[in-house]
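Some notes on the structure that comes next.
None of the figures in this text is laboratory data; all of them are computed from the coordinates on show. Model, not experiment: these values are computed from the prediction. Cβ sites come from the backbone with ideal geometry, for glycine too, and all protein chains shown count toward neighbours.
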Amino acid sequence: MKEREHQWCAWMRAAIEGDRPAYNRLLHDLVAVLRPVVRHGLFRAGRDAAEAEDIVQEVLLAVHLKRHTWDVNLPVGPWVYAIARHKLIDALRRRGNRYDLPIELFSETLPAEDSGPQVSGRDMETYLGMLPQGQSVVVRAIAIEGVSISETATRLKMTEGAVRVALHRGLAALAKKLS
């Protein structure tokens, strides 16, 4: 084993026994090693390295919460790298195929003002009245009143999934009526 691995194992054993300074040294050293590993993984996936800090923090949290599962007879490094790999994959999956681009690159091509349909409050009430009752209540609560999905679900005694479905269907029906 390498010297670093020996040190990590010693710090982890001490940390499990309650040695806070050893645990702080371990986490500090892990950050220095994990940061470039995570950045490289993001780079390979075509993602911005700015996400690296959040992922490193997720890895450290997982190490903290699962440190009792580490086998003291095995090296710490592969265990930590496996956690880092899984957290990186989770982050990439959450992100999907979306990419962030600076809006300044497209400022000349964006319309000067909202070119969407303009609907008065009275017209909106008419359109909402054409929707089924459940969709109308959900769309009004979320899109007009600004209530969150979870609050709407609690208020209407529905699951959050059912609220999302009603919102999606209601907005789709409104978009169809407005176009």
- Message: Considering all alpha-carbon pairs of the chain, what whole percent are spaced by more than 27 angstrom?
- Response: 57 percent
- Note on the structure: Inverse of <1/r> over all distinct C-alpha pairs of region 3-95, i.e. the Kirkwood Rh in Å, gives 13.5 Å
- Message: Among 125-132, 30-37, how do they line up by average Cβ neighbours within 10 Å per residue, starting with the highest?
- Response: 30-37, 125-132
- Mean shadow area (nm²) of the C-alpha convex hull around region 121-178 is 3.5 nm²
